[in-house]
Amino acid sequence: MSNVVASEWLKLRSLRATYYVLASTLSALALTGFAAYSISRYFDANGPGGDPVGTGLSLSADIPPVLFGMLGVFAISGEYATGMIRLTLTTIRSRWTLLLAKAAVVAAVAAVAGQVLAFATYFTAQAVVAERPIGASFAEHAALAEVLTTGAGSAVAAVLGLGLATVLRSTPGALIALVVLPLSPTVLERFLPAPWNDWISSLTIPSLARQLAAVPDAGAFGPSTAAVILVGYVVVSLLLATLAINHRDA
Amino acid sequence: MIEVTDLTKLYGSTRAVSGLTFRVKPGQVTGFLGHNGAGKSTTMRLILGLHTPTAGKALINGVRKQELRDPMREVGAMLDAAEVQGGRSAFAHLQALAYAGGIGRRRVVAVLEEVGLAGAARKRIAGFSQGMRQRLGIAAALLGDPGVLILDEPVNGLDPDGIRWLRTLLRSLAAEGRTVLLSSHLMTEMSLTADRLIIIGRGRLIEDTTTADLLARFQSGVLVRSPHAARLSRALEAAGATIRPAEGADAGEEPVPGRPAEAGVDVRPIRDVGAGAGLLVTGLTAAAVGDIALANGCGVHELVSRRTSLEEAFMEITR
């Protein structure tokens, strides 16, 4: 197993897409900066009463799951697209080992990079807000927890992306699913009756990360339920991916 | 050792492989022949556990590929050299594969050296020629120094030097006691490389024989051209030969130099054709044909042993 992890780690490092994805996470920082600046300007003009910036994470929260999901997609979709998956499969004992190794590698990279991004986002927002009383500090309730759980959410997204790409065996297919799936709750919650609308909108990864951190008004679930759902995403992704890779001809 | 027993694979209602049984023994190079779509690649994928057989089994060293303890050290494969991710360097590509089998960096360097890619090791595969990719594919198959090698069309895209190199390599690997199975469409190359031939058509086994036996079976032809063709025919038939008119070499018609010869005919410049009609004699040696002609007072304008190429033999039996 550790051999296969070493192999997958080198594959991920020698894949250009990995670096494109990681570079793209800077867009979340830029967006947070712009949003925090615009809110700060509003505060300067109108005083308190508008939306606060808080930790700043919610301003660009939808971006990291999509990007780290792509990291997971590219970790296997390129092998399917080129057919290299066949060569890979001839060199290993069991297919689920390959999947677990890929999951471990993308989850680790997404967790670290996601964490760094979350802290960078937080500090960017606080730097823009400066002395205005609309920011947040780690002394506040749930602020540090929100930053930490956002990083964890990135790891979940990466495994989800890997699972999607393994099941769909197609780069475009997995990327479309990765964008459409988190958007669908926003659409569905509009015509679902209560409490379904609340539940469905609480199922996205950014929302679950906030609920896990017990951020007030973050969603319908408490921290433990949110944790179970996030773990469930990982388990279901890996389970479906394992079934798919084991039972299909390569 | 590769053992294929009653192997059958259906894709939907299409029978790609049908009740195939053969063995690939160690110590020799076994050629795997068949027209496009005959089921060669499918059979190789089934042996490698990439596809699941509908019925029957394919074993490597007595077990299914999935049951091999250390697959890279037991079997090496090249299915399609184009199936690589171009963004990586040749070295990173091989090193990633090597890691999975617990194989060290030194072996990666050695294999790159062996296939002649040491100079291009740090270059991206995307910039590789087909021949270089082919060498890279062979390098990947050799990584674990396996006892069984399965190569699908390894000669494609190699230059004459490369073909020669590969032939020598495969023959020496077999001489070391390894099992080598390779498919190719290049018949001449196959007749030079393979000791044994497994020929399949429409997913079924057609021939499982040695290259020498197969060629010997088709090699008995003698072309004789005589102005007394009718008399000579009777004499030869009386001696037990089978006679056919030589196709594409009608009397008096000399092949235009430089014109591609018609398929199935051994090309030889015919200098003095005269009025002799060509006869294709099977069942007698050229010497016997000459003696019979002399004994019967038949003039002979041309007398040659007509060697059948593997290509002709292949076309004949897969017809």
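Nothing in this text is a laboratory measurement; each read-out follows from the coordinates by a stated rule. Predicted model, so just to flag it, every value in this text is computed and none were measured. Neighbour counts run over all protein chains shown; Cβ positions are idealised from the backbone, glycine included.
What residue among A:Val180, A:Val73, A:Val53 shows peak mean-square fluctuation when chain A is described by a Gaussian network model with Cα springs under 10 Å?
Taking springs between Cα atoms under 10 Å, the residue moving most is A:Val180.
Name the trypsin sites (Lys or Arg not before Pro) in region B:68-161 that are in a loop by DSSP and that have at most 15 other C-beta atoms within 10 Å, would you?
Answer by residue number: B:Arg69, B:Arg122, B:Lys123.
Extending each Cα 7 Å along its Cβ direction at B:Ser89 and B:Thr242, get the distance between those two points in nm, one decimal.
6.1
Label-point separation (nm) for B:Lys25 and A:Val116, each offset 7 Å from Cα along Cα-to-Cβ?
If labels sit at B:Lys25 and A:Val116, their model points lie 5.9 nm apart.
Determine the dipole magnitude for the protein assembly as shown: charges of +1 sit on the beta-carbon of Lys and Arg, -1 on that of Asp and Glu, nothing else is charged, the reference point is the Cα centre, and the result goes in debye to the nearest 20.
Approximately 700 debye in magnitude.
Under 27 Å between alpha carbons: how many lysine pairs meet that in the protein assembly as shown, if sequence neighbours fewer than 8 apart on the same chain are excluded?
Total qualifying Lys-Lys pairs in the protein assembly as shown comes to 15.
Return the long-range amide H neighbours of B:Leu197 (sequence gap of 5 or more, or a different chain), with a cut-off of under 5 Å between placed amide H atoms.
When sequence neighbours closer than 5 places are left aside, the close amide H contacts are B:Gly31, B:Thr209, B:Thr210, B:Thr211.
Place a +1 charge on the Cβ of each Lys and Arg in chain B and a -1 charge on the Cβ of each Asp and Glu, then give the dipole magnitude about the Cα centre in debye, rounded to the nearest 20.
1160
Excluding A:Trp96 itself, what net charge comes from residues whose Cβ is under 14 Å from its Cβ, given Lys and Arg +1 and Asp and Glu -1?
Neighbour charge sum, excluding A:Trp96 itself: +3.
Treat each spin label as a single point 7 Å out from the Cα along the C-beta direction, and report the A:Ala227 to A:Leu243 distance in nm.
2.7
Quote the FRET efficiency, to the nearest 0.05, computed for B:Glu311 versus B:Asp161 with a Förster distance R0 of 30 Å and r equal to the Cβ-Cβ distance.
Here the calculated transfer efficiency is 0.85.
Are there GluC sites (Glu not before Pro) in region A:109-155 that DSSP puts in a loop and that have at most 14 other Cβ atoms within 10 Å, and which ones?
Taking region A:109-155 and a limit of 14 other Cβ atoms within 10 Å, the loop GluC sites (Glu not before Pro) found are A:Glu131, A:Glu140.
Connecting C-alpha atoms closer than 10 Å in a GNM of chain B, tell me which of B:Ala287, B:Ala38, B:Ala98 has the biggest fluctuation.
Evaluated over chain B, the most mobile residue of the options is B:Ala287.
Could you quote the convex hull projected area for region B:2-216, Cα atoms only and averaged over all directions, in nm²?
11.5
Sorting check: for B:3-13, B:229-239, which peptide has the highest mean count of neighbouring beta carbons within 10 Å, and how do the rest follow?
B:229-239, B:3-13
Going by the alpha-carbon gyration tensor, a ≥ b ≥ c the square roots of its eigenvalues, is region B:1-71 rounded (a/c under 1.5) or, if a/c is not under 1.5, prolate (a/b greater than b/c) versus oblate?
Note, shape of region B:1-71 comes out oblate.
Using a 10 Å cut-off around each Cβ of peptide B:67-75, what is the average number of partner chain Cβ atoms that fall inside?
Mean inter-chain Cβ contacts per residue within 10 Å come to 2.
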